[in-house]
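What follows is a single structure, written as structure tokens, with notes after it.
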Amino acid sequence: MNLLKALSIVSGMTLLSRILGFVRDLVIARIFGSGMQTDAFFVALTVPNLLRRLFAEGAFSQAFVPILGEYKTKSEVKNDLSETKILVDRTATLLAWALILVTLIGVIATPLVVFLTAPGFLSAENGSQKYELTVNLMKITFPYIFFISLVAMAGGILNTWKKFAIPAVTPTLLNISFISMSLLAAPYFDEPIYALAWAVFIGGVLQLALQIPALLKISMLPSINFNFFNPLNLYKSLKIAVQDEGVKRILWLMFPALLGVSVSQISLILNNIFASYLQNGSVSWLYFADRLMEFPAGLLGAALGTILLPSLSEYNAKGWKEKYSELLDWGLKLTFLLATPAALGLAILALPLISTLFFTGEFSQHSVYQTRLALWAYASGLPALILIKVLAPGFYAKQNIKTPVKIAILTLCITQILNVILVLLLNFQHMGLALSISLAAWINAGFLFFKLNQHKVYFNYSVAEWIKFLLKLLTAKFLLKLLTALALMSASLFLLVGSDESWLQITQIQRAIKLFGVIIVGVLVYFATLFVLGFRLKDFKRHV
């Protein structure tokens with residue numbers, strides 16, 4: 001299988017999802033603006049998203065996919081996938097019941113959860129009303145964790161079978177749900193913001209339903225014991241699942257993975273706590289800036305992580321060390337080639353992007369400028385965030401979760417120190433929160449890279465050899481060509497963008513047309529320069 005083609009498929013589906021995501025955010029910004037109600041909704045969405053990353057895309061996937069890949073590789077040698085199917089069934093049963101328990105506890109404890117994640121809401125203007133609204137919204141959004149975690153398991157199975165399209169297109173259903181509920185259902189609610197909460201619930205149901213036909217096609221649809229009326233039978237099923245050797249290995253790997261993912265999510269919660277004490281709109285400005293930053297992060301970072309982990313797990317199971325290292329090298333080169341221009345583009349085009357997408361309805365000019373500050377800060381860490389998506393699977397595929405966890409804990413401490421310095425001491429406000437995440441991401445990526453070298457996974461250099469390598473890198477043709485293309489692209493964008501006023505004083509349609517033209521020119525200049533300097537698409541093809 002051509003990984004570059006697989007990457008283009010996943011990125012293409014992700015692009016569709018991101019475009020719908022921007023339409024969603026445009027609709028939300030136009031109808032709901034940025035203020036008390038949107039702050040309440042985004043906090044209500046934060047905890048289900050946190051648990052989604054914790055149970056689904058984070059700890060569970062990191063532990064499940066490498067073990068599943070190992071079982072699949074061994075089963076294919078025997079030409080019998082029955083053991084793999086048993087692992088899937090037992091894992092799914094245990095996961096489903098754990099999610100049911102978490103969901104029930106979460107809905108009941110929502111008032112406490114909101115108090116812990118956004119305590120500033122009680123002391124803010126209209127604090128009591130803001131707090132109660134957030135509690136009510138979270139009770140509706142919380143069950144999303146059940147649906148999306150099972151979706152993530154299905155995605156892990158399909159990706160292991162190299163069926164990348166369905167998992168990649170799945171997020172579009174949530175965006176469609178948001179858009180539909182905002183435009184069609186919001187007017188029928190006494191408080192229209194509730195339409196967004198129900199959109200989350202409905203989106204989760206639709207996303208899970210989409211996985212079923214694809215799993216049936218590869219004969220890997222999990223058989224989950226939902227027998228409420230026969231507790232003894234259910235108890236036996238859960239006991240067998242817990243005692244299964246493969247499930248025990250997944251659980252054993254999940255504990256350090258859970259700690260690692262928890263660390264990153266704790267960082268987000270602490271940022272929310274900081275933001276809840278800032279002026280109204282801070283949470284929303286950070287959210288909209290993060291949405292823009294997530295566009296390239298999803299297209300490249302999430303896509304690379306998705307296709308690398310199953311292939312690295314397969315190489316590890318087969319003992320192909322050289323191919324393992326070469327695959328990591330391929331991912332890093334693609335990151336520098338695509339993430340650096342994306343980061344520069346976000347920074348230079350920050351105001352044009354924000355004004356085109358969000359400057360309408362209740363989203364004011366003041367919000368445009370405040371969101372730009374956050375986007376500048378986020379853009380500085382974009383390449384590092386994507387590097388983490390490439391480097392971390394290098395550990396996960398080897399079932400080494402402890403090393404990235406230790407690095408994550410260190411990163412959490414550094415992030416909070418930076419928050420204190422940038423927000424409390426230097427008064428950077430919400431921009432400081434975004435900047436601390438970016439700076440910590442670079443530190444995280446650096447530690448991951450050097451630990452891969454130390455563990456003899458990627459490089460195996462001594463200190464003296466590292467110095468020689470870095471000196472060579474500074475004069476490497478790849479780097480010089482990349483910097484030349486970036487410089488020409490940046491110059492062309494600066495010339496075309498013009499003043500802030502030129503974007504704020506025209507209509508939204510005019511902004512969209514102008515922005516599209518500027519982006520096309522920037523992309524053409526960058527890739528044309530790379531082509532003239534000798535880069536060819538075939539050089540980045542990789543087969544597994």
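The values are calculated or read from the model by the stated rules, or taken from the named source; none is laboratory data. Predicted, not measured: the structure shown is a model, and the values here were computed from it. All Cβ positions, glycine included, derive from the backbone under ideal geometry; neighbour counts span all protein chains shown. Areas reflect the complete protein model, heavy atoms only, side chains present, ligands, DNA and RNA absent. Shrake-Rupley method; radii C 1.70, N 1.55, O 1.52, S 1.80 Å.
Brief remarks follow.
- Pairs where the first residue, in the range 490-511, is acidic (Asp, Glu) and the second is part of a helix (DSSP H, G or I), C-beta under 6 Å, 6+ apart: ASP500/LEU351
- Against the list (1) of a type outside the set (Ser, Thr, Tyr); (2) part of a helix (DSSP H, G or I); (3) open to solvent by less than 40 Å² (accessible area, probe 1.4 Å), the condition PHE363 fails is (2).
- Among the residues making up the range 309-365, those that are within 30 Å of TRP503 (Cα to Cα) and hydroxyl-bearing (Ser, Thr, Tyr) are THR340, SER355, THR356, THR360, SER364.
- Single unsatisfied condition, ALA528 versus (1) surrounded by 10 or more Cβ atoms within 10 Å (Cβ to Cβ); (2) of a type in the set (Gly, Ala, Ser); (3) modelled with pLDDT under 85: (3)
- Count of the range 304-331 residues which are among the aliphatic types (A, V, I, L, M) and surrounded by fewer than 19 Cβ atoms within 10 Å (Cβ to Cβ): 1
- Scope the range 474-500; condition open to solvent by 90 Å² or more (accessible area, probe 1.4 Å), over 19 Å from PRO341 (Cα atoms) and assigned to a helix (DSSP H, G or I); matching residues: none
- No other residue among THR73, THR46, THR38 is in a helix (DSSP H, G or I), open to solvent by less than 20 Å² (accessible area, probe 1.4 Å) and in contact (Cβ under 8 Å) with a residue 24 or more places away in the chain apart from THR38.
- The helices (runs of 4 or more DSSP H) found entirely in the range 217-328 that carry 2 or more residues being within 28 Å of LEU344 (Cα to Cα) are 245-276, 282-296, 303-318.
- Filtering the range 501-522 to residues that are touching a Phe, Trp or Tyr at 6+ places or on another chain (Cβ under 8 Å) and open to solvent by less than 50 Å² (accessible area, probe 1.4 Å) leaves LEU504, ARG511.
- Residues in the range 391-413 that are in a helix (DSSP H, G or I), open to solvent by less than 40 Å² (accessible area, probe 1.4 Å) and of a type outside the set (Ser, Thr, Tyr): 10 in all.
- Selection count where residues are touching a Lys or Arg at 6+ places or on another chain (Cβ under 7 Å) and closer than 28 Å to SER367 by Cβ, scope the range 489-534: 1
- Looking at GLY301, GLY281, GLY305, just one residue is under 26 Å from ALA528 (Cα atoms) and touching a residue at least 24 places away in the same chain (Cβ under 8 Å), and that residue is GLY301.
- Test: residue in the range 146-159 that is open to solvent by 50 Å² or more (accessible area, probe 1.4 Å) and not in a loop (DSSP other than H, G, I, E, B): no
- Residue among LYS139, LYS72 that is among the basic types (Lys, Arg), over 18 Å from LEU238 (Cα atoms) and modelled with pLDDT under 90: LYS72
- Considering the range 257-294, and only residues there that are open to solvent by 20 Å² or more (accessible area, probe 1.4 Å) and among the hydroxyl-bearing types (Ser, Thr, Tyr), the residue that is modelled with the highest pLDDT turns out to be TYR287.
- Residue within the range 185-202 that is open to solvent by less than 50 Å² (accessible area, probe 1.4 Å), assigned to a helix (DSSP H, G or I), in contact (Cβ under 8 Å) with a residue 24 or more places away in the chain and touching a Pro at 6+ places or on another chain (Cβ under 6 Å) present: yes
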